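Below is one structure, written out as structure tokens; the observations come after it.
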Amino acid sequence: MAGDTHIPDRAERIPPFIKKQLEYESPFDYLLFTGDLTSREVIDWLNKLSGRVLIVRGNMDYLPLPRNRRVDIDTWKTGLIHGDGIHPRGDTMGLTRVSIELGVDILVSGHTHSPFIKTGVKRNILLLNPGSLTGVWGGEGGSFKPSYIILETEGFNLHIELHVLEGGSLVIEKYMARWSDMGWNITRVEEQ
């Protein structure tokens, strides 16, 4: 999962270290992109990483892309939006509302330029935001660190890795999201 590259308006390219790492880890079963690519060349590169690339249109995109997508990944109904209709950016209540409207268990969004892994209002929805793949500024700031998420499914468990480029190396935060009758439970596993 990645998003918010803003190439060429805010960034010249994807950081070479991240580009090389993603190419090494590919092919991915699915690649979800939260929009604001702003150029066709990013789409061409994403298509080299996976045979199943799902992209939505961000508020800065002028490409013919859908505003939202829905896909079943294993048993999980997964939604994909940019998130520009949510105020304030990344608001849990607003993202929960969109998740319910789309009928999904997991909602992947962007627009904040800051990554997050959290639950919806009642913990029955998992909210994921990969941040900005180039680490560029967003309308309300952002983390200013390039980042992306890799997710692996295993029954009722999801292994989530948040990759953040800091000081020339990737810091990987690992999380386990477990589903039960009580909703999602997210725990941090370790950091590399």
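Quick note: the coordinates plus some simple rules give every number you see, no bench work behind them. Note that the structure is a prediction, hence the values are computed from the model and not measured. We place every Cβ from the backbone using ideal geometry, glycine too, and count neighbours over all the protein chains shown.
Descriptive notes on the structure:
- Separation of the alpha carbons by more than 27 angstrom is noted, of K20/K122; K122/K145; K20/K77; K48/K77; K20/K174; K19/K174, for K20/K122; K122/K145; K20/K77.
- Distance from the alpha carbon centroid of region 26-86 to that of region 98-145 works out to 13 angstrom.
- For the pair R97 and W76, label points projected 7 Å from Cα toward Cβ lie 2.5 nm apart.
- Sites N47 and R67, calculated FRET efficiency, Cβ-Cβ separation with R0 25 Å, nearest 0.05: 0.75
- The magnitude of the dipole of region 60-192, with charges of +1 and -1 set on the Cβ of Lys/Arg and Asp/Glu and taken from the Cα centre, is near 340 debye.
- Computing Rg and the Kirkwood Rh from the Cα coordinates of the chain gives a ratio, Rg/Rh, of 0.93.
- With contributions of -39500 (n - 2.57) from each DSSP H run of at least four residues, the per-residue ellipticity at 222 nm computed over the chain stands at -5000 deg cm²/dmol.
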